[in-house]
1. Would you tally the residues in segment 225-241 being assigned to a loop (DSSP other than H, G, I, E, B) and of a type outside the set (D, E, K, R)?
2. Restricting attention to segment 237-248, does a residue exist that is out of contact with any strand residue (DSSP E or B) (no Cβ under 8 Å at 6 or more places or on another chain), farther than 30 Å from Gly106 by Cβ, open to solvent by less than 20 Å² (accessible area, probe 1.4 Å) and at pLDDT 95 or above?
3. Please verify whether segment 175-191 includes one or more residues that are in a loop (DSSP other than H, G, I, E, B), of a type in the set (Val, Ile, Thr) and over 25 Å from Leu24 (Cα atoms).
4. Looking at Leu229, is it open to solvent by less than 30 Å² (accessible area, probe 1.4 Å), closer than 30 Å to Pro239 by Cβ and touching a residue at least 24 places away in the same chain (Cβ under 8 Å)?
5. Out of Leu167, Leu229, Leu222, report the one residue that is touching a Phe, Trp or Tyr at 6+ places or on another chain (Cβ under 8 Å) and assigned by the TED database to the domain that holds Trp264.
6. Restricting to segment 57-81, count the residues that are buried (at least 19 other Cβ atoms within 10 Å of the Cβ), in contact with a strand residue (DSSP E or B) (Cβ under 8 Å, 6 or more places away or on another chain), without any contact (Cβ under 8 Å) to a residue 40 or more places away in the chain and not in a loop (DSSP other than H, G, I, E, B).
7. Tell me, please, whether a residue that is part of a helix (DSSP H, G or I), without any contact (Cβ under 8 Å) to a residue 60 or more places away in the chain, outside the structural domain of Ala169 (by the TED database) and β-branched (Val, Ile, Thr) can be found in segment 242-255.
8. Taking interchain pairs and intrachain pairs at least six residues apart, which have beta carbon atoms under 6 angstrom, with the first residue in segment 1-20 and assigned by the TED database to the domain that holds Gln162 and the second open to solvent by 10 Å² or more (accessible area, probe 1.4 Å) and assigned to a strand (DSSP E or B)?
Amino acid sequence: MTFSIAARDPDTGDVGVAVASKFLAVGALVPWARAGAGAVATQSYVNPTFGPVGLERLAAGHAAPDVSAQFQRDDPGIAQRQFGIVDAFGRSATFTGPGCHAWAGGVALPDVAIQGNILTGPEVVDAMLAAWHAGAGLSLPARLLGALRAGDDAGGDRRGRQSAALLCAGPGRGYGGLTDEWVNLRADDHPRPCHELARLLEVHDLLFGRPQETRPLSDPELAWLRARLLRQGYATHLPDGPWDDATERAAWALYGTENLEERWVPGGHVDPVALAYLRRQDA
């Protein structure tokens, strides 16, 4: 009772799923993704084993259509299932069992599988596919969310709205570069879950995005930063003049407290996004 998109970024190889439904905490069941393997969206009287089993088979080198075929052979409840699969090479598959509630269907093309059931009509899938194509060049999370919101705007789940989720993975994309899980966001029970997911993604990009550009702090900016560090107790004394070790230690503590460590730049340089956020706090 859900609409979803599973996809791969052809430029980076990142994989992910976006999903929305009139169902509590849809993100707990539907989306699965693993860097180097692929993505699976399992829905409609969910078989929750399709996620982990599907990723294991994809990681072992099986193509998405082959994994789909095996699910159809092995699951006695397949008539009521729906799922979409994209593998690490962009091969895709979507399946809608004949027992899924109308309207139900999907489309699978290179790098993307879109599917839904209990939808207002096929226009939901059509809108999602058009938005996916229009989003070429965006980051995978933004592109997936754009497709999901297009489906929601086109009618989405005909029962209404309740939850949405976004899951993306890519090599070293996660926190500190130590994990592959890049984005894992959920709106579990919300009157406008797709809009809430968009808000959460903006916050995620601020706090966990990495600098796209850096530059040295200007003298006025350095003076402002030192004043804030002293005011908030990160240091008891900081010298005037060029950047120094004491300012570095105090600034690092500030960034850690504000959850901006992924945007930290040492040596008196700065990520403009992080600086703008800190300046807004003082406004």
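The values are calculated or read from the model by the stated rules, or taken from the named source; none is laboratory data. What you see is a predicted model; the values in this text were computed from it and never measured. Cβ coordinates were reconstructed from backbone atoms using ideal geometry, including for glycine residues, and neighbour counts include every protein chain displayed. Accessible surface areas use protein heavy atoms only, side chains included; no ligands, DNA or RNA. Shrake-Rupley method; radii C 1.70, N 1.55, O 1.52, S 1.80 Å.
1. Here is the first cut: in segment 225-241, the residues assigned to a loop (DSSP other than H, G, I, E, B) are 232-241.
Checking which are of a type outside the set (D, E, K, R) leaves us with 232-239, 241.
Matching residues across segment 225-241 total 9.
2. yes
3. Yes, because at least one residue in segment 175-191 is in a loop (DSSP other than H, G, I, E, B), of a type in the set (Val, Ile, Thr) and over 25 Å from Leu24 (Cα atoms).
4. So Leu229 passes the test.
5. Leu222
6. Number satisfying all stated conditions: 4.
7. yes
8. Val15/Arg8; Val15/Ala33; Gly16/Ala33; Gly16/Leu167; Val17/Pro31; Val17/Ala33; Val17/Leu167; Val19/Pro31
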